[in-house]
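Just so you know, all these numbers are worked out from the coordinates, no wet-lab data involved. These figures come from a predicted structure and were not determined experimentally. Reconstructed Cβ throughout: ideal geometry from the backbone, glycine too, with neighbour counts over all protein chains shown.
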Amino acid sequence: MANLERTYSVLVVDDDKNINKLISDTLKLDKVYEVTSVMNGEACLKYLRENIPDLVLLDIQMPGIDGIETLKKIKEYDPRITVVMMSAHGSIERAVQSMKLGSYDFIPKPFDRDRLRISVKNALMTSSLEQQVSELRSELKQKYKFENIIGQSGVMTEVFKAIEKVVDSSVTVLIQGESGTGKELVARAIHYHSKTRANNPFVAVNCTALPESLLESELFGHEKGSFTGAHGRRIGKFEQANTGSIFLDEIGLMSPATQAKMLRVLQEREFERVGGTDMIKVDVRVISATNKDLEEAMNNNEFREDLYYRLSVFPIKLPPLRDRKEDIPLIAAFFLKKYNEQENKHIEGISPDALELLMAYSWPGNVRELENAIERAVVLAVTENVSVKDLPAAVRSIGEKKIYESDNTLSSWIEKLEQEALTQALLENEGNISKTAKKLGIGRATIYRKAKKYGLPIKK
């Protein structure tokens, strides 16, 4: 039983005490089971109201509520409970009936003890795997929930409304926006909130990550010998995504030949593998994204007009961060919490001066650039709040520019730079006058005088 590493609880339900003892003695040979026995269906249901076993071994022929009826009630109470049926009066019809009602297996009596052990082990391994898959799906849905697409600005409210309208349809979606605005995050949120596709594959393809000669094979697969190096059949991304969703990132950079084949897939929901002759039908929701102006590309004959209209049945446009600056404090707080946990830090917030610079910066890399800036700040911060010095140079330069532009004299500009340098030095030396004086190369008396002038804390 090497594959079962923890102790599992098993409930045996049979009106024959000898059978209960035989099962208990058999399972205890593996030293990984805690076995409890009850004599009828009523006792089983009473037990389940207070305990949830990993497995129920349930006899069909019992007085009172029989095994089939008990199975129905178990699955109504908690469909996740794994049940294996047993019967001395077994038949194909009863086995089929119990399987349709949700039992994992059916064991006829008298049963072989090794057969019993194998069946129990397999049932528990399958149940454990299903639970892991369920937890993973739950994690994915949580990770890509709408709340993780941060924003309360007017433009983001419209984005949320659009996502909500489209999640439960199979309509083709085109997400447009600059790099770093979160296009894939939106695509995953659409998929993982779908009632019909969330438990099926989500396959992402970056259309710029592969040379054009390989992209068609990547998308549609190929047959053995279809080109040099095709040593076997390859299943393409569209087949892998069957019954789920495929996300085609940067679709605007596809070649004309691949665009033509993509158009056929969208129209007919079928395609041929490279080098193949068989038509392969798929049920796939297509979500594509681009930072390119596809309408301009159409005008320049770089993108097919008919493909564009197939892809953009439901367009969603993500605004750049510079057009929704009121969302920056929310997004920064989200990433601060995320990287606090990841780096095991306890940074409480962002200083007003630092936040002012975050709001003033244009963020050409959008949300992705802001995330990187906050991650860096969390790593560097040594105080309870992220300060200006923890921000990237590009962001800090906004403050330097503002100082220069706001002063008419060189002396006042130098004074502000002096204050900033002294503040930083005192912070790094925890207010120690001697250490600060040594670092700056000035006398202690000068430190005292300047600190008093600027109202800076010092250790006397």
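Put a plus charge on the Cβ of each Lys and Arg, a minus charge on the Cβ of each Asp and Glu, and nothing anywhere else: the dipole of the chain about its Cα centre is then about 1300 debye. Estimated from the Cβ-Cβ distance and a Förster radius of 30 angstrom, the FRET efficiency linking Glu42 and Lys195 is about 0.25.
Between amide H atoms placed 1.01 Å from N, distances below 5 Å from Val274 occur with Gly221, His222, Glu223, all of them 5 or more places distant or on a separate chain. Taking amide hydrogens as placed 1.01 Å from N in the peptide plane, the amide H of Ile65 sits under 5 Å from those of Gly41, Glu42, each at least 5 positions away in sequence or on another chain.
What size of dipole, in debye to the nearest 20, comes out for the range 8-139 about its Cα centre when the only charges are +1 on Lys and Arg C-beta atoms and -1 on Asp and Glu C-beta atoms?
Using Cβ point charges on Lys, Arg, Asp and Glu, the range 8-139 gives about 140 debye.
At 0.36 nm per residue, minus the direct Cα-Cα distance, what do Asp15 and Asn372 gain on full extension? Give it in nm, one decimal, please. Before the final figure, lay out the partial values.
Working: separation 357, 0.36 × 357 = 128.52 nm, distance 6.43 nm.
Full-extension gain reported as 122.1 nm.
Here the label points at Asp112 and Asp66, each 7 Å from Cα along the C-beta direction, are separated by 2.8 nm in the simple model. Pairwise inverse Cα distances across the chain, averaged and inverted, put the Kirkwood hydrodynamic radius at 28.2 Å.
Between Gln131 and Ile52, the contour length at 0.36 nm per residue exceeds the Cα-Cα span by 27.0 nm. Would you mind checking Lys183/Lys317; Lys31/Lys121; Lys21/Lys46; Lys338/Lys389; Lys17/Lys72; Lys416/Lys453 for any pair whose Cα atoms are more than 18 angstrom apart? Result: Lys21/Lys46; Lys338/Lys389; Lys17/Lys72 exceed 18 Å. Cross-link partners of Lys337 among lysines, defined as those whose alpha carbon lies under 18 angstrom from its own and excluding same-chain residues fewer than eight positions apart: Lys143, Lys145, Lys345. Spacing of the modelled spin labels on Ala393 and Arg264, each 7 Å from Cα toward Cβ, amounts to 5.3 nm. Distance from the Cα centroid of the range 417-454 to that of the range 267-322 is 61 Å (rounded to whole angstrom).
The listed peptides 291-297, 171-177, 303-309, ordered by packing as a protection proxy, come out as 171-177, 303-309, 291-297 (highest mean of other Cβ atoms within 10 Å first).
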